[in-house]
């Protein structure tokens, strides 16, 4: 169904004792995702894995609906998919008290192939998506964080935000609160575009311009790009788990 293919890579990093990231590469239905868990030693890992498992289980229905009526159903379909993941995490937490308070960020990509490919993005938290086009890296998501709110209101500058003590405080996450409100966007793709999904283990270590430089430092093969990005994050100190998924047009 999809003429786009993705490659994912996840590393524990050099500081953490547990990898609380998870990802999905579902080329056959045109769906890809990265999740970054939070909450307790085990909870974050369970939350991220639960979200990804839910997406994998529901992806066929989701992609079928997107292909059938992409314009009208995209927001509803992706919102419903993340709501199901949110509910699955809440149910896990209710059944196991030690997991109470767990949650996860997520960034979810669905691509409807065709003469004019269309991508849909849904995200909650600070896992991000970028598009590489003709050597230019463009952010496609805006973090759901306290710092982002401060920046929007002009309380902080970009420079002061980089070292602010609350810079990683989330304002939205799957599994936190009774309901979840993802941001869903749509954008056209060109045949030469690549899309990057990543956890903040990459963006903590590398500025956007550094990500672009690493991205374009060699062949734009998704496997090689993943390797370069993860290696760069580890070389900078690997302070967090780092997960990347790179999605590219399939060249037959």
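Computed from the coordinates by the stated procedures, all read-outs in this text should not be read as laboratory data. If you're wondering where the values come from, they're calculated on a predicted model, not measured in any experiment. Ideal geometry is used to build each Cβ from the backbone, glycine not excepted, and the neighbour counts take in all protein chains shown.
A Förster radius of 30 Å, combined with the Cβ-Cβ distance separating residue 42 from residue 227, puts the computed FRET efficiency at roughly 0.55.
Across region 4-249, the mean sequence separation of Cα contacts (distance under 8 Å, 6 or more residues apart), normalised by length, yields a relative contact order of 27 percent. Just checking the listed ones, 49, 20, 224: in the Gaussian network model of the chain with Cα springs under 10 Å, the one fluctuating most is 224.
Across region 139-239, the relative contact order, built from alpha-carbon pairs under 8 Å that are at least six residues apart, equals 20 percent. Sorting 96, 204 from the fewest to the most surrounding beta carbons within 10 angstrom yields 96, 204.
Only helical runs count toward this figure. For the chain, summing -39,500 (n - 2.57) over DSSP H runs of n ≥ 4 and dividing by all residues gives -11000 deg cm²/dmol at 222 nm. With neighbours defined as other Cβ atoms within 10 Å of a residue's Cβ, the residues 4, 32 order from fewest to most as 4, 32.
Comparing mean-square fluctuations of 75, 158, 195 from a GNM of the chain with C-alpha springs under 10 Å, the top value falls on 158. For 215, 187, 23, the sequence from fewest to most other C-beta atoms within 10 Å is 187, 215, 23. Label sites at residue 14 and residue 208, each approximated as a point 7 angstrom past Cα along Cα to Cβ, lie 2.7 nm apart. Where in region 11-52 does the amide nitrogen come within less than 18 Å of the point 7 Å from the Cα of residue 94, taken along Cα to Cβ? So the set is 47, 50-51.
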